[in-house]
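*Asks:* Provided herewith is a single structure, encoded as structure tokens, for subsequent inquiry.
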Amino acid sequence: MRNVKINHIGMVLIPFFVSGCVSLAPEYERPSAPVPHTWEMNVKESNQSVLDISWKAFIHDERLSHVVAQSLEQSRDLRKAVANIEAARAMYRIQRSTEFPTIEADASGSKARTVTGANSTAISQSSSATIGLSSYELDFFGKARNLSEIELETYKGVEEAERSVRITLIAETISAWLTYASDQSLLTLSKQTEQSAKRSLELVQKRVELGIDSKVSLYSAQTIVQQAKADIASYTTKVAQDRAALELLVGGRVEERLLPTELDTTSQNWLADVPVGLSSDILLQRPDVLEAEHNLKAANANIGVARAAYFPSITLTTKGGLGSSTLSGLFSGGTSTIWSFVPNISLPLFDAGERDATLDYAKAKRDGYVATYEAAIQTAFSEVASALARRATIFDQYTAQEALVEASKQSYTLYDARYQKGVDTYLNALLAQRSFYSSQQSLISVRLEELSNRVTLYRVLGGGLAH
């Protein structure tokens with residue numbers, strides 16, 4: 001045994017030199033985007049991209065900025081998404097480690113007493129210390145590399161999923177805050193209408209008592225009062241529900257000072273306008289689209305894993321070290337070199353079509369992820385197109401609604417004055433008051449819709465991730 005020498009370090013490093021591999025996965029090619037290159041709606045070319053606008057730059061109201069910052073810090077959904085990233089990163093590290101051999105050190109010793117003859121015994125002992133590899137599979141055909149690629153793309157996909165959660169959280173928090181402001185305005189309007197209707201009712205009651213008007217006018221006057229009271233109850237409930245929904249998104253209590261009181265004419269300055277640009281290529285940078293592409297890449301690598309199953313699997317188990325009949329001999333002369341080298345090659349000769357089916361399955365899954373990726377792009381394009389279609393008309397509607405409110409106000413003022421002077425019936429004044437009330441409600445709704453349209457455009461274009 002003394003004449004047989006082996007370099008222990010060299011034996012450990014053998015797999016590193018012989019395990020050069022080729023990947024059997026098909027070369028990845030990004031599918032063409034199945035959408036037009038430009039938007040169908042007329043949009044202006046912009047030098048600025050929405051991807052470069054941080055949510056802090058998008059929001060101009062200090063109260064809303066604080067609420068969004070609070071949601072990003074406290075949201076449980078976002079914390080869960082971050083935890084998923086850490087889990088996916090750990091899985092990638094675990095799989096990546098399988099590409100390298102596990103080096104193990106082992107030390108053992110034994111001592112035994114045996115009977116050698118009548119009334120005589122012998123004591124034998126031995127000690128050894130070894131270092132080596134334990135069942136390391138040589139990756140000639142890229143199986144381990146492709147398995148690592150799958151976990152890497154999965155990890156990247158989970159990262160993009162977290163970015164999607166972040167964008168959605170920002171947009172939903174803004175929308176919930178704006179909805180609260182809208183319902184607060186509607187509640188305030190209902191209370192103002194009730195007070196105005198009560199004053200009109202008192203006048204009608206006096207005229208009925210004097211015999212100037214009939215009870216028809218009295219009952220008509222009561223309808224608007226009761227309608228306002230019903231709306232007050234309804235909007236009081238909605239405001240409470242809006243706050244609960246907002247605080248669920250935020251993940252904690254929202255202070256009163258951070259809540260809006262109404263959605264008035266100044267509310268249009270709360271949010272920045274959203275640059276769109278001419279090209280739809282921006283959609284390829286949306287997190288949900290990138291997530292779908294990473295899943296597709298993982299499925300592509302899985303084909304390489306399935307193909308590798310057709311080739312031999314070569315596993316090495318090696319061990320080398322020192323052995324001695326005494327423990328002290330390990331560190332002095334008299335030691336012996338011990339080693340073992342156990343290669344194992346296996347190749348299934350018959351599997352009843354299992355490998356063929358596995359490869360077909362991997363290809364079918366890849367084709368499914370291609371469809372998912374293309375559908376993600378189409379969905380993104382549809383969302384942007386829908387938001388652009390609304391943006392093209394919302395300003396005209398807003399201007400017309402403001403004019404309608406002003407006309408309804410003037411009409412109600414004139415009819416109310418004519419009624420009080422006895423020139424006209426209360427029915428015309430009542431109808432004018434209802435029209436004025438309804439037009440004010442609609443104006444608040446349009447204000448909310450215009451702001452919500454900006455939020456939608458910001459979200460569907462992938463804004464909210466810049467710092």
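*Asks:* On the given criteria, is LEU451 among the aliphatic types (A, V, I, L, M), touching a residue at least 12 places away in the same chain (Cβ under 8 Å) and assigned to a loop (DSSP other than H, G, I, E, B)?
*Replies:* No; evaluated as a whole, the condition is false for this residue.
*Asks:* Quick one: how many residues across region 238-279 are closer than 20 Å to GLN440 by Cβ, small (Gly, Ala, Ser) and without any contact (Cβ under 8 Å) to a residue 12 or more places away in the chain?
*Replies:* 0
*Asks:* Separate question: Identify, from the list ALA389, ALA380, the residue that is more than 22 Å from ALA57 (Cα to Cα) and surrounded by fewer than 21 Cβ atoms within 10 Å (Cβ to Cβ).
*Replies:* Sole residue among the options that is more than 22 Å from ALA57 (Cα to Cα) and surrounded by fewer than 21 Cβ atoms within 10 Å (Cβ to Cβ): ALA389.
*Asks:* Select from region 49-68 the residues that are in contact with a strand residue (DSSP E or B) (Cβ under 8 Å, 6 or more places away or on another chain) and part of a helix (DSSP H, G or I) and list them in ascending order.
*Replies:* PHE58, SER65, VAL68
*Asks:* Right, another one. Select, from SER196, SER164, the only residue that is out of contact with any Cys (no Cβ under 9 Å at 6 or more places or on another chain), within 30 Å of GLY304 (Cα to Cα) and surrounded by fewer than 22 Cβ atoms within 10 Å (Cβ to Cβ).
*Replies:* None of the other options fit; the residue is SER164.
*Asks:* Please work out which one of (1) touching a Leu at 6+ places or on another chain (Cβ under 9 Å); (2) within 30 Å of LEU451 (Cβ to Cβ) is the condition ARG207 fails and give its number.
*Replies:* Among (1) touching a Leu at 6+ places or on another chain (Cβ under 9 Å); (2) within 30 Å of LEU451 (Cβ to Cβ), the lone unmet condition for ARG207 is (2).
*Asks:* Within region 266-279, is even one residue outside any helix (DSSP H, G or I), under 30 Å from THR154 (Cα atoms) and not polar (S, T, N, Q)?
*Replies:* The answer is no, given that none of the residues of region 266-279 is outside any helix (DSSP H, G or I), under 30 Å from THR154 (Cα atoms) and not polar (S, T, N, Q).
*Asks:* Next up: Looking at HIS8, HIS66 in this structure, which one is more than 30 Å from SER135 (Cα to Cα) and either within 35 Å of the chain's Cα centre (by Cα) or at pLDDT below 90 (or both)?
*Replies:* Of the residues listed, the single one that is more than 30 Å from SER135 (Cα to Cα) and either within 35 Å of the chain's Cα centre (by Cα) or at pLDDT below 90 (or both) is HIS66.
*Asks:* Here is a check on your reading of the model: is VAL239 in contact with a helix residue (DSSP H, G or I) (Cβ under 8 Å, 6 or more places away or on another chain), of a type outside the set (Asp, Glu) and assigned to a helix (DSSP H, G or I)?
*Replies:* yes
*Asks:* Would you say LYS80 is at pLDDT 75 or above, among the basic types (Lys, Arg) and farther than 30 Å from GLU256 by Cα?
*Replies:* no
*Asks:* If you don't mind, another one. If ILE85 satisfies all but one of (1) aliphatic (A, V, I, L, M); (2) surrounded by 15 or more Cβ atoms within 10 Å (Cβ to Cβ); (3) modelled with pLDDT under 85, what's the number of the condition it fails?
*Replies:* That leaves (3) as the condition not met.
*Asks:* Checking ASP77 against (1) surrounded by 12 or more Cβ atoms within 10 Å (Cβ to Cβ); (2) of a type in the set (Asp, Glu); (3) under 30 Å from ALA309 (Cβ atoms), which single condition isn't satisfied?
*Replies:* Failed condition: (3).
*Asks:* In region 393-433, what residues are of a type in the set (Val, Ile, Thr) and either surrounded by 15 or more Cβ atoms within 10 Å (Cβ to Cβ) or in contact with an Asp or Glu (Cβ under 7 Å, 6 or more places away or on another chain) (or both)?
*Replies:* ILE394, VAL405, THR425
*Asks:* Go through (1) part of a helix (DSSP H, G or I); (2) closer than 27 Å to ALA417 by Cα and name the single condition ASP213 misses.
*Replies:* So ASP213 meets the others, but not (1).
*Asks:* Condition first: among the hydroxyl-bearing types (Ser, Thr, Tyr) and either under 12 Å from LEU271 (Cβ atoms) or surrounded by fewer than 18 Cβ atoms within 10 Å (Cβ to Cβ) (or both). Now tell me which residues in region 438-458 satisfy that.
*Replies:* Within region 438-458, SER438, SER442, SER445, SER452, THR456, TYR458 qualify.
*Asks:* Something else now. If you scan region 78-91, which residues turn out to be more than 15 Å from GLY464 (Cβ to Cβ) and of a type outside the set (Gly, Ala, Ser)?
*Replies:* Correct list: ARG79, LYS80, VAL82, ASN84, ILE85, GLU86, ARG89, MET91.
*Asks:* Right, here's the next one. Hey, could you check region 228-255 for residues that are farther than 21 Å from ARG63 by Cα and among the polar types (S, T, N, Q) and say which is surrounded by the fewest Cβ atoms within 10 Å (Cβ to Cβ)?
*Replies:* In this case the residue turns out to be THR237.
*Asks:* Could you say which residue among GLN378, GLN397, GLN410, GLN401 is of a type in the set (S, T, N, Q), in the same structural domain as ARG199 (by TED's automatic domain parsing) and under 29 Å from LEU210 (Cα atoms)?
*Replies:* GLN410
*Asks:* Moving to a separate point now. Would it be correct to say that GLU62 is closer than 28 Å to ILE303 by Cα and either without any contact (Cβ under 8 Å) to a residue 60 or more places away in the chain or not assigned by TED's automatic domain parsing to the domain that holds ALA387 (or both)?
*Replies:* No, not satisfied.
*Asks:* Pairs under 8 Å by beta carbon, first residue assigned by TED's automatic domain parsing to the domain that holds LEU290 and free of Cβ contacts under 8 Å to residues at least 12 places away in the same chain in region 163-181, partner among the polar types (S, T, N, Q) and assigned to a helix (DSSP H, G or I), six or more apart or different chains?
*Replies:* Listed pairs, sorted by first residue: none to list.
*Asks:* Right, here's the next one. Could you list, in sequence order, all residues of region 88-107 that are acidic (Asp, Glu) and surrounded by 12 or more Cβ atoms within 10 Å (Cβ to Cβ)?
*Replies:* If the condition is that a residue be acidic (Asp, Glu) and surrounded by 12 or more Cβ atoms within 10 Å (Cβ to Cβ), then GLU99, ASP106 are the ones that fit.
*Asks:* Take the residues of region 227-260 that are more than 22 Å from PHE436 (Cβ to Cβ) and acidic (Asp, Glu): which is nearest to the chain's Cα centre (by Cα)?
*Replies:* GLU247
The values are calculated or read from the model by the stated rules, or taken from the named source; none is laboratory data. This one's a predicted model, so the numbers in the text were calculated from it and none came from an experiment. Don't worry about glycine lacking a Cβ; one is built from the backbone with ideal geometry, like all the others, and counts go over all protein chains shown.
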